[in-house]
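The structure appears right after this line, and notes come after that.
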């Protein structure tokens, strides 16, 4: 398929007058999603009631949706389970990894990882005691920190603030050479950059579906386990839907013989239904085309902003090979500047302490959007429009 | 409010020709739910995009919905957090309880508890090692098993198979007298029987919202923590939305100073929106009226079935004081009989090994439904209509 299949703006309900550069935080509403979930609620829930678990395929929906996500991250059918939140999936992967290396006590991450990943690791370490610890050096120092003390390396491939991308295959190999288990968080990778889970040889991956996959607010997370190890995974969150025979109501947990063992409780059917519809936007998209389009957009944005706004400092790698699908700039008054931009129809977001973040999603963003956004950013920064009092008050979600 | 406010059938979209006695498994579609979630998707997600976390109140929705559930279970505002699945909430409560009693190693439940509650305890015990164990005696033997070895007592108030109800206040007192922490699973209690969490003095309660609360398939779960202990709760699942300042993106987890610390990841906004609409069906309902209506329905059903179907053995307590809002009968051919009933418009369900289960939900079930259902059950059992070959094949979800 040629790159001309992108963008596909007609597949999304984007508000008029808005340039949406925050699909890396929450993707926009896919067309057909309202109709699909309305139909599921009326015909399946309303019409079939409890029978819909069978008749409408609800019980299999987590696997069906997982398989579709698997295609986007280079994972084989049956290797991806969906449900819960990304934080829960991080915990599942970490707990399972520690059981694979019970002789070691160190979880290694980096301090640029998304806070919740680090917090979940802290919670697990706090629960376990027994000398378990989390180490989180600078991202650049991770490679040398992979020692034979490390049980598990858990990293987010694309840094949520800077967009800097770890080398998945190289770090996985370092981890394995040191005898550690590898977990990749694909929150800013799935649907953003080509991912080849099989080729990476990593044991686990986790991710969310409300960013580049456009599954909507609170859309379910996913977890991948390498097929050759899944039957050795001991689920810490051993819920009934990970049981080999959930409805046999057996007294003891007996895990399913596949990635299904990483399911936990009753799946969020309505959110999964929306996500399933959202994923149809990927039909026929070649991830190499997507990557080429993404790099063209982020390259152009960097050039435009650096030429127009010398006050901003690029925080994203200039080298496209280690850049995700976002561009960030440091600016002391970044919070106010983002508010001023939103007020003018350019939606990016702010990440503490000083990051202005812009996501580029080739499904619905094109070069015209980049130029139009750059002009508005130039106006806001060059004319210090962010100084207006109304942009200084912080909202709860920033 | 008088009992005449029940039923409220006009608040639900119930299929014609169906008597739905399975609202204890999945409540029916509330009127207005499709419209509400469609509006939220179009105007909030589609129209506001990322801004909706503030402008549409998404970030506070778990607490707002939790407060409404709190009213139904006798819990004060701010003491109930929503999100995740019930299995996850069981794990959170168990892990927190064990940290409150670090000197003890025994989790006590009963073998009539819902399997997932026991499985989650098994998973936690397996993760912790160090001599932790789960004990699950017969429900009748729980009281005497509460010894000074027990760190936490974790019980489902209403047995999912038999409908037998534990005495919440009495068992909580026994647990506390023995120095143990008390967790109640309210899966078959919330919206089914009057619950007074404050009066019980129990430390934790958990529950789901897709049964008597009609939140839809995969609706979020809830967790209650007693306000005077919540600041001592150490969350094992320490996700960013339980952080005191999630968007400060601090390096270390620092729990919120309220039940909010039992939030974990990004909340399932679309399912919460449906649930919020569903909960409006409870406006103006007095739980004492609901209980009176429930007992009238279950009493009448027992009388009718015992008179009509001597082949069935009552599995539910005859004493209404220890009965939830369901009636179960044992029948060797229960699976096929339930299929034959569903084929004739009476929807109950089967629970292994031999339980035919019927839920009575006074919001939308009345005496006429009980009589009509009893007539059809008499036909199916008395004339052995369940012998038909087509009722013998088991579906995955039974």
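Taking the stretch B:279-301 as the range and being crowded, with 19+ Cβ neighbours inside 10 Å and within 30 Å of residue B:383 (Cα to Cα) as the test, the residues that pass are B:294, B:297, B:298, B:301. Inspection of the stretch A:105-124 identifies at least one residue that is away from chain B (no Cβ under 13 Å), surrounded by fewer than 24 Cβ atoms within 10 Å (Cβ to Cβ) and over 29 Å from residue B:217 (Cβ atoms). For residue A:343, the requirement of being within 25 Å of residue A:210 (Cα to Cα), over 25 Å from the mean Cα position of the chain (by Cα), outside the structural domain of residue A:194 (by TED's automatic domain parsing) and at pLDDT 95 or above is met.
None of A:67, A:60, A:13 is on the phi < 0 side of the Ramachandran plot and not assigned by TED's automatic domain parsing to the domain that holds residue A:203 except A:13.
Residue B:321 falls short on exactly one of the conditions (1) assigned to a loop (DSSP other than H, G, I, E, B); (2) touching a strand residue (DSSP E or B) at 6+ places or on another chain (Cβ under 9 Å); (3) surrounded by fewer than 21 Cβ atoms within 10 Å (Cβ to Cβ), and that condition is (1). Residue by residue through the stretch A:213-227, note down the ones that are assigned to a loop (DSSP other than H, G, I, E, B) and buried (at least 24 other Cβ atoms within 10 Å of the Cβ). Of everything in the stretch A:213-227, those that are assigned to a loop (DSSP other than H, G, I, E, B) and buried (at least 24 other Cβ atoms within 10 Å of the Cβ) turn out to be A:213, A:214, A:215, A:216, A:217, A:218, A:219, A:220, A:221. Among all residues of the stretch A:377-394, there is at least one that is within 24 Å of residue B:240 (Cα to Cα) and in contact with a helix residue (DSSP H, G or I) (Cβ under 8 Å, 6 or more places away or on another chain).
Kindly check whether there is at least one residue in the stretch B:128-138 that is part of a loop (DSSP other than H, G, I, E, B) and at the interface with chain A (Cβ under 8 Å from one of its Cβ atoms).
yes
Scanning the stretch B:243-260 for residues that are touching a strand residue (DSSP E or B) at 6+ places or on another chain (Cβ under 8 Å) and in contact (Cβ under 8 Å) with a residue 40 or more places away in the chain yields B:259, B:260. State yes or no: is residue A:394 within 14 Å of chain B (Cβ to nearest Cβ) and not in a helix (DSSP H, G or I)? So residue A:394 fits the description; yes. Residues in the stretch B:285-310 that are under 18 Å from residue B:375 (Cα atoms) and not in a helix (DSSP H, G or I): 2 in all. Of the listed requirements (1) modelled with pLDDT of 95 or more; (2) within 30 Å of residue B:63 (Cα to Cα), residue B:249 misses just one: (1).
Residue B:98 meets the stated requirement of being in a helix (DSSP H, G or I), surrounded by 20 or more Cβ atoms within 10 Å (Cβ to Cβ) and more than 21 Å from the chain's Cα centre (by Cα). Filtered by the rule that a residue be away from chain A (no Cβ under 11 Å), surrounded by 23 or more Cβ atoms within 10 Å (Cβ to Cβ) and farther than 25 Å from residue B:290 by Cβ, the stretch B:335-379 gives B:336, B:337, B:340, B:341.
Results for (1) farther than 18 Å from residue B:28 by Cα; (2) touching a strand residue (DSSP E or B) at 6+ places or on another chain (Cβ under 7 Å); (3) assigned to a helix (DSSP H, G or I), shown as yes or no for each residue.
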residue: B:338; (1), (2), (3): yes, yes, yes
residue: B:363; (1), (2), (3): no, no, no
residue: B:378; (1), (2), (3): yes, no, yes
residue: B:381; (1), (2), (3): yes, no, yes
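Conditions (1) surrounded by fewer than 24 Cβ atoms within 10 Å (Cβ to Cβ); (2) assigned to a helix (DSSP H, G or I), marked per residue:
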{"residue": "A:153", "(1), (2)": "no, no"}
{"residue": "A:161", "(1), (2)": "yes, no"}
{"residue": "A:170", "(1), (2)": "yes, yes"}
{"residue": "A:183", "(1), (2)": "no, no"}
{"residue": "A:187", "(1), (2)": "no, no"}
{"residue": "A:205", "(1), (2)": "no, no"}
{"residue": "A:211", "(1), (2)": "no, no"}
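Do you know which residues across the stretch A:229-267 are surrounded by fewer than 18 Cβ atoms within 10 Å (Cβ to Cβ), assigned to a loop (DSSP other than H, G, I, E, B) and at the interface with another protein chain (Cβ under 8 Å from one of its Cβ atoms)? Correct list: A:234, A:250, A:251, A:252.
The values are calculated or read from the model by the stated rules, or taken from the named source; none is laboratory data. The model shown is predicted, which means the values in this text are computed figures rather than measured ones. Glycine gets a Cβ as well: all are built from the backbone with ideal geometry, and neighbour counts include every protein chain shown.
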